[in-house]
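Worksheet: one structure, shown below.
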Amino acid sequence: MENRAFIALGSNIENRYDNITSAIKWLTSHPNIELVNYSSIYETDPVGYEDQNLFLNMVIEIMTGLNAMELLEFCLKTELELGRKREVRWGPRTIDLDILIFNQENIETEKLTVPHPRMVERSFVMVPLAEITPEQRIPGVDKPLNLLLNELPDKEGVRIWKRKNGEDVFEPIES
Ligand SMILES: Nc1ncnc2c1ncn2[C@@H]1O[C@H](COP(=O)(O)OP(=O)(O)OP(=O)(O)O)[C@@H](O)[C@H]1O
Ligand SMILES: Nc1nc2c(c(=O)[nH]1)N=C(CO)CN2
């Protein structure tokens, strides 16, 4: 599996933890998707439309034989499977899956923009992404992640909820 991708997951409808872990199980049940790393889970203040529940957010790293468009389609299918309803823009969702980075590719089509155009301004994406890959470069951006993160103003809205390592071990592929 030759392509490396980072995917952001978010949920703010109960059961948020089940929604996130189910999505990871769905994604990794695909024969051409392998989970190689994952962040802690963070509880985050809603951004954009603020009158809604707190989110759980995390980022996973995968290797995949799918191309970017095929991966998007499988992400959308996973969202549908988990019962997402699209009502309010930036509003509540069972599960939201965003492809952040796909190799070092720049993709701009009607259905898919990679790197994700709003990722660098979102602490709920940048904090978990920097946890697993602090030196990562984002195509088209001149600074590595850890420096970009320093400049974000609202990091206090992103708090560890379930730590990847330590006593509260989080295992996303546990049943
Ligand atoms: N990098 C990407 N990852 C996921 N979806 C993308 C990406 N680029 C474009 N899209 C398109 O965005 C659509 C999903 O939009 P959606 O309603 O989930 O936006 P949102 O999650 O509410 O907002 P945001 O895109 O700001 O996170 C998908 O149907 C897909 O075609
Ligand atoms: N904290 C947080 N806020 C959001 C999120 C999210 O995942 N986490 N997703 C949004 C739409 O993609 C809009 N706002």
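Only the coordinates and a few stated rules stand behind these numbers; no lab work does. Keep in mind that this is a model prediction, so the values were computed, not measured. Glycine also receives a Cβ, built like all others from the backbone with ideal geometry; neighbour counts cover every protein chain displayed.
Structure summary
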quantity	calculated
Test item: Cα-centred dipole of the stretch 9-73, Lys/Arg +1 and Asp/Glu -1 on Cβ, debye	220 debye
The chain - Rg (one decimal) and Dmax (whole number), Cα, Å	15.0, 44
Contour excess over end-to-end distance, with Cα ends at Asn106 and Glu50 and 0.36 nm allotted per residue	17.1 nm
222 nm mean residue ellipticity, helices alone, for the chain (DSSP H n ≥ 4; -39,500 (n - 2.57); rounded to 500)	-7500 deg cm²/dmol
Whole-Hz couplings from phi, Karplus 6.51/-1.76/1.60, listed for the stretch 152-163; x for Gly and Pro	7, x, 10, 5, 5, x, 10, 10, 4, 10, 9, 6
Cα-centred dipole magnitude for the chain, charges only on beta-carbon of K, R (+1) and D, E (-1), debye, nearest 20	120 debye
For the stretch 3-162: relative contact order, % (alpha-carbon pairs under 8 angstrom, 6 or more apart)	30 percent
Cα-Cα over 20 Å, subset of Lys25/Lys77; Lys143/Lys164; Lys77/Lys155	Lys143/Lys164; Lys77/Lys155
Cut-off under 5 Å, modelled amide H: who pairs with Ile107 long-range	Val114
Pair Lys155, Asn15: separation of 7 Å Cα→Cβ label points (nm)	3.3 nm
